[in-house]
Amino acid sequence: MSDELSKLRIDRSAKTGSSGWATKWILGGIALFLLLGVGSTIYSRLNAATEVEIRRVQSRDAGSPTATGDVILNATGYIIAAHKIQVASKVIGRVAWIGVEKGDKVREGQVIVRLEDDEYKAQLEQARGQLTTLRARLEELQNGSRPEEIAVAKANWESAKADLENARVNLDRTRNLVAQGVFAKQSLDDAQARFDGQAARVASLERTYELVRIGPRREQVDAVRGQIQEAQGRVAFYETTLSNTVIKAPVTGTILERAVEKGEFVTTSFVGERGAKGYVVSLADLNDLQVELDINQDDFAKLGPKQKGEITTDAFRDRKYQGYIYEISPEANRQKATVQVKVKVLNPDEYLRPDMNASVAFLTESKPGAPVTQGPAIYVPASAVRDGAVYVLLNGRAVKRKVKTGRPQGAEVRIEEGLFGGEDLLVSPPTALKDGDRIKAKQG
């Protein structure tokens, strides 16, 4: 066994053809790995977030006025339309045409929706036909009997009188013959009956002739007049119903929502989740806007009726609007411990939208000759302002904002426009910092 094991050896002098290529591949892979690592390190260092000092911008005078015209309270809320209208239909029907889209401006009286009206037209024509019939009946009664009708009635009466005279003569003859014993008493009874019947017929035709000659009674004319008045009411009702299939804008405003499409059913009663619609569009006059605020009860005493304020929005921070307290809720909200206040916007424009976030800075009343502060008093370190702009931290990046500076106060400077409070401000932005660079706040 030991002799056999001693014969086992590896011949290192034998070379394979593939060993050189394997070495090259291994060395190439190592070089590529090192190159990628170095590139990643360089890229990370070039794009690393710059550490900067951050300070939260605050309004120094908020809630504690020091001079007339200063801000006494800042509040946030939402812009609302003073009068939002859901335009509904007075009749039920299927939408045949709709002529507005969301955002369209409409005038008062402009047609916005048409409903199918075939059934309403048929009902109107039926009511008009009934009215025409009754008017003809009234005219007939008012004109009385025609001369021909009077002549016929008189002729019938004269004929009946002639028959009555003949019956009388026959009765006298029969009476004489019965007295002479020629006819039986039964013949006299028959002749008497014919005479009495003819006399009754003459009396009836005489009254008929008088009625025809006099004309209809006043009560008959009044009854037909009442029927005509009822028919006129039905015609007016169906005319109104037909006109209600054309839905018009009740006021001048802007379409906020289009609730129906062509072919959908509109109802005036219960509205199901997927059934008929209860209204066709909603609109509002965007020139009549308000800011709805919930004022904390602790701050409510600072405000009063007609209190003036300056309105700004998160979407357009550089635009300011004037307003005043238009409505104060007569009751407080127990759960939120707030009182609802509505501020009327005096100078709205196309930038304002309902349900947009808005802030109101309520101001004190200015005295004659006293300076009026047009917004919160905001002071920032002078080192934060560079070339009329500052940088704020937003989503991990530096965002450049143009500002308008006011009077300095020590190492600080007042910001008149561009900041509203609550922003994360770069205290001393690096010289090489550009808009959009990645940054992060220094620890501590």
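Expressed as a rounded percentage, what relative contact order does the stretch 145-215 have, with Cα pairs under 8 Å and six or more residues apart?
On the way: 51 pairs, mean separation 37.4, N = 71.
Relative contact order of the stretch 145-215: 53 percent.
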Checklist outcome for this item: For the chain, percent of DSSP beta bridges that are antiparallel (nearest 5) comes out at 95 percent
Item to check | Sequence ranges 180-193, 421-434, ranked by mean other-Cβ count within 10 angstrom, highest first | outcome: 421-434, 180-193
Item to check | Gain upon complete extension [ASP222, ASP299; 0.36 nm per residue less C-alpha separation] | outcome: 20.4 nm
Checklist entry - For the pair LEU211 and TYR279, how long in nm is the line joining their label points, each one 7 Å along Cα→Cβ? => result 6.2 nm
Item to check | Hull-based mean projected area of the stretch 62-147, where the convex hull spans the alpha carbons, in square nanometres | outcome: 14.0 nm²
Checklist entry - With a sphere of radius 13 Å drawn around the Cβ of ILE439, what net charge do the other residues whose Cβ falls strictly inside it have (Lys, Arg +1; Asp, Glu -1)? => result +1
Checklist entry - Extension gain LYS161-GLN110, at 0.36 nm per residue separation less the Cα-Cα distance, in nm? => result 10.8 nm
Next on the checklist: Suppose a student asked you for the relative contact order of the chain, using Cα pairs under 8 Å spaced at least 6 residues apart; what percent would you report?
Outcome noted: 27 percent
Checklist outcome for this item: Distance in nm between THR431 and THR133 label points, each 7 Å along Cα→Cβ, equals 10.3 nm
Next on the checklist: What do you get for the angle between helix 19-46 and the principal long axis of the chain? Use alpha-carbon atoms, 0 to 90 degrees, nearest ten.
Outcome noted: 70 degrees
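Of LYS404/LYS440; LYS90/LYS277; LYS400/LYS442; LYS320/LYS342; LYS84/LYS121; LYS302/LYS404, which pairs sit farther than 22 Å apart, going by alpha carbon to alpha carbon?
Details: LYS404/LYS440 26 Å; LYS90/LYS277 12 Å; LYS400/LYS442 19 Å; LYS320/LYS342 17 Å; LYS84/LYS121 33 Å; LYS302/LYS404 29 Å.
With Cα atoms farther than 22 Å apart: LYS404/LYS440; LYS84/LYS121; LYS302/LYS404.
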Item to check | Förster-model FRET efficiency, 22 Å R0, GLN86 and LYS262, C-beta, rounded to 0.05 | outcome: 0.65
Item to check | Proxy reagent accessibility, fewest Cβ within 10 Å first, across GLU51, GLU292 | outcome: GLU51, GLU292
Checklist entry - Which FRET efficiency value, to the nearest 0.05, do you get for LEU32 and ALA382 by plugging their Cβ-Cβ distance into 1/(1 + (r/R0)^6) with R0 = 45 Å? => result 0.30
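With a Förster radius of 41 Å, plug the Cβ-Cβ distance of THR76 and SER243 into 1/(1 + (r/R0)^6) and report the FRET value to the nearest 0.05.
Working: r = 46 Å, r/R0 = 1.13.
So, using R0 = 41 Å, E works out to roughly 0.35.
How charged is the neighbourhood of ARG397? Take every other residue with its Cβ under 11 Å from the Cβ of ARG397, and add Lys/Arg as +1 and Asp/Glu as -1.
On the way: positive: LYS400, LYS434, ARG438, LYS440; negative: ASP435, ASP437.
Every neighbour counted, the sum reads +2.
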Checklist entry - Separation between the ARG94 and SER204 pseudo-spin-labels, each 7 Å from Cα along Cα→Cβ, expressed in nm? => result 5.9 nm
Item to check | Potential lengthening between SER269 and TRP21 on full extension [0.36 nm per residue; Cα-Cα distance subtracted] | outcome: 80.6 nm
Next on the checklist: Below 8 Å between Cα atoms, with a sequence gap of 6+, how large is the relative contact order for the stretch 96-194 in percent?
Outcome noted: 15 percent
Checklist outcome for this item: With the charge dipole of the chain built from beta-carbon charges (+1 for Lys and Arg, -1 for Asp and Glu) about the Cα centre, the Cα from ILE54, GLY253, TYR209 projecting farthest to the positive end belongs to ILE54
Checklist outcome for this item: For the stretch 145-215 the translational diffusion coefficient, Stokes-Einstein from a Kirkwood Rh over Cα pairs at 20 °C and viscosity 1.002 mPa s, in µm²/s, is roughly 161 µm²/s
Checklist entry - What are the semi-axes of the equivalent ellipsoid for the chain, taken as the square roots of 5 times the Cα gyration tensor eigenvalues, largest first, in whole Å? => result 105, 43, 18
Checklist entry - Where Lys and Arg each count +1 and Asp and Glu each count -1, what net charge lies around GLU108 among other residues with Cβ under 11 Å from its Cβ? => result +1
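Read the figures in this text as sums done on the coordinates, not as results from a lab. All of these numbers come straight from a predicted model, not from anything done at the bench. With ideal geometry, Cβ positions are generated from the backbone for all residues, glycine too; neighbour counts draw on all protein chains shown.
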